[in-house]
Amino acid sequence: MKESFDTAMKRQDHSRSEALFAEACKYIPGGVNSPVRAFKSVGMSPIYIDHGIGGHLIDVDGNEYIDVVSSWGPHILGHAHPEIISAVQETAKKGTSFGACIPMEVEMAKTIQDFFPTMEMVRMVNSGTEATMSAVRLARGYTERPLIIKFDGCYHGHSDAFLVQAGSGVQTFSSVQNNGVTQSAVSETLIAHFNDLTSVEQLFEEHPGQIACVILEPVMGNMGVILPEEGFLEGLRRITEREGALLIFDEVITGFRLSRGGAQEHYKIRPDLTCLGKIIGGGLPVGAFGGKREIMEHLSPQGAVYQAGTLSGNPLALSAGLAMLHLLAKPETYPQLQQNSDYFAKGVKALIEPYKEQVTYNVSGSLSTLFFNKAEVKDAQSSRRSDTELYARYFRGMLAEGIYIAPSQFEATFVSAAHTKSDLARTHEAMQKVLSTLFAE
Ligand SMILES: *Cc1c(COP(=O)(O)O)cnc(C)c1O
C-alpha cells in the first residue's frame, strides 16, 4: 500500500524537538525568534538543530538532513567552516567588543570595495534590516525628498517603512501584515510591480521631484526566486538617473552569491547604494551598506544623516565575515559553487519534466524555487497564486526523506559550495520520490 507522507513522517523521531517547541511556546511568542523559523505554514512544529557540518544539519533527535536553506543564505561555504570558526575563536580571546575603532574595520571596508567596486565607502551594521533602513534614510537625506519606491513582494527586513506588500515571512504569515505599522509610517512608501517599468514610470509621473529612491532585490528571493526580465534593471537605472532618484540594490541575498560581485556584477548595473547582509557575516549578525562617496559622505559624523550602532563593526562579526570573504576570494570557490548549482538545476529540470503542467522552476545560479504553480512566476502576484497546501505536503515529504528545505513556498533554495555531488543527487532522488507520490494521488 502506498505510504502517505504523514505515515512516513512518523518514522522520523521528532520527540525532543516537539518537547522543546512546547516549552518555547510558553516563553517566546509563537515559540520562535523569527517567524520564518516556524513550521506553521507547513503544518508541523519546527525541528531544533543541534549542530551543522558542511551541507548537513543534525537535529536534537539525531536526525540528519541535507540542508538547502543554509541559514537563509549565509552558509555559502557550508556550516562550521573550520577557517571561519578558528578566526572567531582567535578574535574572542582578545575581547568581544570595544565600542571603539579596530583595525579589522579598515580591512573589511577595503575588502568589500574589492568585491563591490560601486561601494566606494561602506558602513557596517548588524543586520540586513539595519542596512536597508539606513540606506533609505541616507537616500532621503541626500536627495531631500520624502518618498521611496519598493516593489510588491520584495522583502527588505522588518523596519516600518518596508512592511507593506512585503515578501518572506510577511507573505507567509500575511494575516499579521501591517499590525503595529501606522499608516503614516508607510504613507511615503510607494509600491511598484517587479518586471513592470510602466508601474515605475507612473509613480514618477504622479510624484514629480518627490521620490528619493527606488529600492529592490535585483533578483527577488523573498517571494520565491523571481528573475528580472531583460531590460528591467537597465530601465530602472535609466529612469532613476533621469529623475535624480537613487537606485538601491538590496543584495542581502544576492551579494557574494550570484557572482563574486553580486547581481550588479552579473547584470552589469551600477546602483548608487548597495545593501549587504547574510553571507558577509559568515553566520554572525552583520550587515553593510555603501555606495558613491559623494552620497556616503552625508552620513554622520561627516554629514547630517544620523546612523549609529554600539556593536557595529563588532570584532567577532568582522572576523567571521573577513574569514568568509578571504575564502570567497580564492579562485576555486565560485567555479565550485557554479558547478554545484548547474548540476543541481539540471537534475531538477529533468526530474520535473513529467510535472511541467503542475510546477514552475525558477533558478538563478545557486538560488532556486520550485513553485507549485501552473503558470510562469514573474512577479509577486503570480507567485501568490502558488498552491501553498501542496507545498506544505511537499515540504513534509522532503523532510521525511532527510532534506531540509524552506518551510514556506515563498523562499529560496540555497545550494552551497559545500554540498557534495552525492548530497545533490540524494536531493534529486528525494524530490523525484516526493513529487511522484504527490501527483499520483
Ligand atoms: C534577509 C533579508 C533582509 C533582512 O536581513 P536581516 O539580517 O534578517 O535583518 C533584507 N533584505 C533581503 C533581500 C533579505 O533577504
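The values are calculated or read from the model by the stated rules, or taken from the named source; none is laboratory data. Since we're looking at a predicted model, the values are computed, not measured. Cβ sites come from the backbone with ideal geometry, for glycine too, and all protein chains shown count toward neighbours. Just the protein is used for accessible areas: all its heavy atoms, side chains included, with ligands, DNA and RNA removed. Shrake-Rupley method; radii C 1.70, N 1.55, O 1.52, S 1.80 Å.
Whenever a residue of segment 138-164 is at positive phi, its partners that are within 14 Å of the ligand (Cβ to nearest atom) and modelled with pLDDT of 95 or more, lying with C-beta atoms within less than 6 angstrom and at least six residues away or across chains, give the pairs Gly153/Met223; Gly153/Ala380; Gly157/Gly128; Gly157/Thr129; Gly157/Thr132. Condition (residue is within 16 Å of the ligand (Cβ to nearest atom) and at pLDDT 95 or above) applied to segment 321-343: is it met by at least one residue? Yes, segment 321-343 has at least one match. So for segment 329-339 (the condition being more than 26 Å from the chain's Cα centre (by Cα), among the small types (Gly, Ala, Ser) and open to solvent by 40 Å² or more (accessible area, probe 1.4 Å)), does at least one residue qualify? The answer is no; no qualifying residue exists.
Among the numbered conditions (1) closer than 29 Å to Phe194 by Cβ; (2) in contact with a Gly (Cβ under 7 Å, 6 or more places away or on another chain), the only one that Ala323 does not meet is (1).
Within segment 8-31, one or more residues are of a type in the set (Ser, Thr, Tyr), modelled with pLDDT of 95 or more and buried (at least 18 other Cβ atoms within 10 Å of the Cβ). Of the candidates Glu353, Glu389, Glu357, Glu376, the single residue that is open to solvent by 10 Å² or more (accessible area, probe 1.4 Å), touching a Lys or Arg at 6+ places or on another chain (Cβ under 7 Å), more than 29 Å from Gly283 (Cα to Cα) and among the charged types (D, E, K, R) is Glu357.
Checking each residue of segment 420-432 against the condition of being farther than 24 Å from Asp61 by Cβ, open to solvent by less than 10 Å² (accessible area, probe 1.4 Å) and touching a residue at least 24 places away in the same chain (Cβ under 8 Å) gives at least one match. Select from segment 251-275 the residues that are of a type in the set (Lys, Arg) and more than 14 Å from the ligand (Cβ to nearest atom) and write down the one among them that is surrounded by the fewest Cβ atoms within 10 Å (Cβ to Cβ). Only one residue tops the list, namely Lys268. Residues of segment 127-159 that are within 12 Å of the ligand (Cβ to nearest atom), open to solvent by 40 Å² or more (accessible area, probe 1.4 Å) and out of contact with any strand residue (DSSP E or B) (no Cβ under 6 Å at 6 or more places or on another chain): Met133, Tyr155, His158.
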